[in-house]
1. Could you state the accessible area per residue of segment 7-162 in Å², with a 1.4 Å probe and every protein chain left in place?
2. Work out how much length D184 to Y16 would gain on full extension: take 0.36 nm times their residue separation and subtract the Cα-Cα distance, in nm to one decimal.
3. Solvent-accessible area of E29, probe 1.4 Å, all protein chains present, reported in Å² to the nearest ten, please.
4. What is the distance, in nm, between label points placed 7 Å from the Cα along the Cα-to-Cβ direction at Q134 and at T25?
5. Amide H of E189: which non-local residues (sequence gap of 5 or more, or other chain) have their own amide H closer than 5 Å, using H built in the peptide plane?
6. In whole Hz, what ³J(HN,Hα) sequence does segment 56-66 give by Karplus (6.51, -1.76, 1.60; θ = phi - 60°), x for Gly and Pro?
7. What is the gain in length, in nm to one decimal, between R71 and K59 on full extension, counting 0.36 nm per residue of separation less the C-alpha to C-alpha distance?
8. Quote the accessible area belonging to K177 in square angstrom, nearest 10, computed with a 1.4 Å probe and with ligands, DNA and RNA left uncounted.
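The values are calculated or read from the model by the stated rules, or taken from the named source; none is laboratory data. From a predicted model like this one, the values you see are computed outputs, not experimental measurements. All Cβ positions, even for glycine, are placed from backbone atoms using ideal geometry, and neighbour counts span all protein chains on display. When the accessible area is computed, the model is the full protein with side chains, heavy atoms only, and any ligands, DNA or RNA have been set aside. Shrake-Rupley method; radii C 1.70, N 1.55, O 1.52, S 1.80 Å.
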Amino acid sequence: MIKERLTEIKDQLPEYVTLVAVSKTKPAEMVLEAYEAGQRVFGENRAQELAEKHEQLPKDIEWHMIGHLQRNKVKVIAPFVNFIHGIDSSRLLKEVNKQAKNNGRTIDVLLQFHIAQESSKFGFSMEEAEDLLQSELFQSLDHIQIKGVMGMATFTSDSRQVREEFRQLKTYFDQLKSTYFKADPHFKEISMGMSGDYEIALAEGSTMIRIGSSIFGSRN
Ligand SMILES: *Cc1c(COP(=O)(O)O)cnc(C)c1O
């Protein structure tokens, strides 16, 4: 079942799009089933759960932290995490850099933007992101690699609104790329799209989709 669902989604993806299989709340056996079907990139939104699954599962899995990350949890995942999608403050980025350095690593990260109507979703405004990118602090962070941007659209059935929000994120990406990352080939990812809205996200330029329930079934 997981294998069929994975195949169905993968068949729709251009070659440059990464599928992050979001396994939060699901048991390690289900991750293994997806792994055996060829999936290698998995996402979780809690540091502790991520660390436990990393411990239990094959070591060639690429683990992505996709949810809101508290600074005091960074050290739990810093030894192994490949990608952190939800960087939403300079203090968090600084902590990720520090813990990556302590582990002799560089961690790939995305800047999360607030694009939804809902006030509960985390993320930078364009102004805040520019303040960070122009700061001396940012210049000194040599154990993180900024790979692009991430955002979550409003949870709504209004697909026009969702499309507008994804389009906004793509505009932010283009602006940052041309202003701060013109000569940086690493800055190329736009993480947007979940089970309910990934088709719209793909049409608006997503390069990473984060899919949970459409692969593993609904969560409680
Ligand atoms: C849970 C989660 C997803 C996946 O959600 P589905 O609707 O199950 O596909 C994607 N991104 C983030 C940040 C999440 O927390």
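1. Value returned for segment 7-162: 50 Å² of accessible area per residue.
2. 58.7 nm is the gain from fully extending D184 to Y16.
3. Answer for E29: close to 130 Å² accessible.
4. 4.2 nm
5. For E189, the qualifying residues are G148, V149.
6. With the stated coefficients, segment 56-66 comes to 7, 10, x, 7, 8, 6, 9, 9, 10, 8, 10 Hz.
7. Net length gain for the segment: 1.8 nm.
8. Using a 1.4 Å probe on the heavy atoms, I get roughly 50 Å².
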